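The values are calculated or read from the model by the stated rules, or taken from the named source; none is laboratory data. Just so you know, these numbers come straight off a predicted model, no measurement behind them. Here the Cβ positions follow ideal geometry from the backbone for every residue, glycine too, while neighbour counts run over all protein chains shown.
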Amino acid sequence: SGEWVSGEEMAKRLAISRAAVWKQIQALRKRGYEISASTRKGYHLTKMPDLLDADRISGCLKTKWLGRELRILGEVSSTNAVALSLARDCPSGTVIMAETQTEGRGRLSRPWASPSGGIWMSLILKQEMPLAHVYQINMAVAVALCRALSSMLGLNAGIKWPNDLLIHERKICGILMEVSAQVDRLDYAVVGLGINANNDPSGFPAERRSTSLAAELGHDIGRCELICMILEEIEVACEKMGSKETYEEWRSRSLTINRQVRITSAAGDHVGEVVDLADDGALILREGDEQKRVLAGDCIHLRPLDAEAEAL
Ligand code: BTN
């Protein structure tokens, strides 16, 4: 409460010994709580760490089903790996998050650096849909994330195809969807979100220019509150999944339309101008006189100069 509280008072209120109070204070300090101590006045909480906290999240979460089953872990290999191992026996909407990941994974089998301070979480979704429509999940989630960043933090993020969020041309968030499916039907999707929140992104690979919410705003953000907002927006977006409205919003937030890009895929490289995004998530690319549809690949936005260099 911001007041000094004596060890004796706490011991009395909690019906534990004063030694036990001291032990708990030590445990809290180890978790990052800053607690001053004075022999005359007792203890004083000076700073709370920004830890992921189930009570804080459940206290502000207004969703019906998303995040109602919540697992918060300290260090894990990858929240996507944990979610995939649990998915079969979990209700749709289960969310797994962790303070750090030791083997965070990104698209195209890239490693994903996941130090403390970021938001590393995976959602288990069991939507009834044909396998060919799973790109709609990506679209809905990307749009929802942009909305959450804008309404809670006033930040204007755009979508770089297929599903990166950028602020000022730097990556703020990546989405990795992994699915289990029959030939024609989705069993479940695990949607992994990696958001550079209060972590320092300067150590990330230079060719993948990154930023963080804290760097953009000049101060740390409350991760628990942002997580609530994100889950609320995703739940709303899931209910409109596949709609014209979501598709139009995704297009209007796209940073890739009208850009010169290079797409690298197993089928070869394409360099050209993006004319549009098809409603099935494919890029429509003008390469010389031809128009091509590109469904998957690694997309690099070229600056006008790079594009010239490519053309030479
Ligand atoms: C990308 O842009 O390449 C996607 C990155 C996705 C990272 C998140 S962090 C939470 C979840 N667990 C993982 O191992 N990866 C995703």
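Quick check on the stretch 101-153: of everything there that is outside any helix (DSSP H, G or I), farther than 17 Å from Leu176 by Cβ and under 14 Å from the mean Cα position of the chain (by Cα), which residue is nearest to the ligand (Cβ to nearest atom)? For the stretch 101-153, the residue satisfying everything is Pro115.
Residues Ala98, Ala87: which one is more than 14 Å from Leu231 (Cβ to Cβ), touching a residue at least 60 places away in the same chain (Cβ under 8 Å) and within 15 Å of the ligand (Cβ to nearest atom)?
Details: Ala98 fails: touching a residue at least 60 places away in the same chain (Cβ under 8 Å).
Within the list Ala98, Ala87, the selection yields Ala87.
Within 15 Å of Val191 (Cβ to Cβ) and either within 14 Å of the ligand (Cβ to nearest atom) or more than 23 Å from the chain's Cα centre (by Cα) (or both), is that true of Ala20? Spelling it out, it is not the case that Ala20 is within 15 Å of Val191 (Cβ to Cβ) and either within 14 Å of the ligand (Cβ to nearest atom) or more than 23 Å from the chain's Cα centre (by Cα) (or both).
Output the residue which, of all residues in the stretch 61-84 that are of a type in the set (Val, Ile, Thr) and touching a helix residue (DSSP H, G or I) at 6+ places or on another chain (Cβ under 8 Å), is farthest from the ligand (Cβ to nearest atom). It would help to see each step written out before you state the result.
First, the residues of the stretch 61-84 that are of a type in the set (Val, Ile, Thr): 63, 72, 76, 79, 82.
Then drop every residue that is not touching a helix residue (DSSP H, G or I) at 6+ places or on another chain (Cβ under 8 Å), which leaves 63, 72, 76.
Numbers: Thr63: 19, Ile72: 13, Val76: 9 Å.
Only one residue tops the list, namely Thr63.
Scanning the stretch 19-66 for residues that are free of Cβ contacts under 8 Å to residues at least 12 places away in the same chain and assigned to a helix (DSSP H, G or I) yields Ala19, Ala20, Lys23, Gln24, Gln26, Ala27, Leu28, Arg29, Lys30, Asp55, Gly59. Taking Asp53 and the conditions (1) within 16 Å of the ligand (Cβ to nearest atom); (2) under 21 Å from Arg223 (Cβ atoms); (3) among the acidic types (Asp, Glu); (4) surrounded by 12 or more Cβ atoms within 10 Å (Cβ to Cβ), which numbered condition does it fall short on, given that it satisfies the others? Checking Asp53 against (1) within 16 Å of the ligand (Cβ to nearest atom); (2) under 21 Å from Arg223 (Cβ atoms); (3) among the acidic types (Asp, Glu); (4) surrounded by 12 or more Cβ atoms within 10 Å (Cβ to Cβ), the one that fails is (1).
Could you run through the stretch 32-49 and say how many residues are touching a Gly at 6+ places or on another chain (Cβ under 7 Å) and either farther than 21 Å from Val21 by Cβ or surrounded by 15 or more Cβ atoms within 10 Å (Cβ to Cβ) (or both)?
Let us first name the residues in the stretch 32-49 that are touching a Gly at 6+ places or on another chain (Cβ under 7 Å), namely 42-43, 49.
Pick out the ones that are also either farther than 21 Å from Val21 by Cβ or surrounded by 15 or more Cβ atoms within 10 Å (Cβ to Cβ) (or both) and you get 42-43.
Count: 2.
Listed here are the residues, each with its yes/no results for (1) modelled with pLDDT under 95; (2) under 27 Å from Leu285 (Cβ atoms).
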site	(1), (2)
Asp200	yes, no
Ala206	yes, yes
Met241	yes, yes
Lys244	yes, yes
Glu249	no, yes
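Candidates are the residues of the stretch 1-23 that are surrounded by 13 or more Cβ atoms within 10 Å (Cβ to Cβ) and in contact with a Leu (Cβ under 9 Å, 6 or more places away or on another chain); the one that is farthest from Met48 (Cα to Cα) is Ala20.
Looking only at residues in the stretch 145-187 that are touching a Lys or Arg at 6+ places or on another chain (Cβ under 6 Å) and buried (at least 20 other Cβ atoms within 10 Å of the Cβ), which one is farthest from Lys126 (Cα to Cα)? Outline the logic, then answer.
Start the filter on the stretch 145-187 by keeping residues that are touching a Lys or Arg at 6+ places or on another chain (Cβ under 6 Å), which leaves 146, 158-159, 164, 166, 170, 176.
Retained after the next criterion (residues that are buried (at least 20 other Cβ atoms within 10 Å of the Cβ)): 146, 159, 164, 176.
Numbers: Cys146: 23, Ile159: 24, Asp164: 23, Leu176: 16 Å.
Across the stretch 145-187, the extreme among qualifying residues is Ile159.
If the condition is being part of a helix (DSSP H, G or I), surrounded by 14 or more Cβ atoms within 10 Å (Cβ to Cβ) and either free of Cβ contacts under 8 Å to residues at least 40 places away in the same chain or among the polar types (S, T, N, Q) (or both), then the stretch 236-269 contributes Thr246, Arg251. Examine the stretch 169-188 for a residue that is touching a Pro at 6+ places or on another chain (Cβ under 9 Å), part of a strand (DSSP E or B) and closer than 17 Å to Ile227 by Cα, and state whether such a residue exists. Looking through the stretch 169-188, at least one residue is touching a Pro at 6+ places or on another chain (Cβ under 9 Å), part of a strand (DSSP E or B) and closer than 17 Å to Ile227 by Cα.
For Leu153, state whether it is at pLDDT 95 or above, closer than 23 Å to Cys224 by Cα, out of contact with any strand residue (DSSP E or B) (no Cβ under 6 Å at 6 or more places or on another chain) and not aromatic (Phe, Trp, Tyr). Quick ask: steps written out before the conclusion?
Details: at pLDDT 95 or above: yes; closer than 23 Å to Cys224 by Cα: yes; out of contact with any strand residue (DSSP E or B) (no Cβ under 6 Å at 6 or more places or on another chain): yes; not aromatic (Phe, Trp, Tyr): yes.
Yes: the conditions hold for Leu153.
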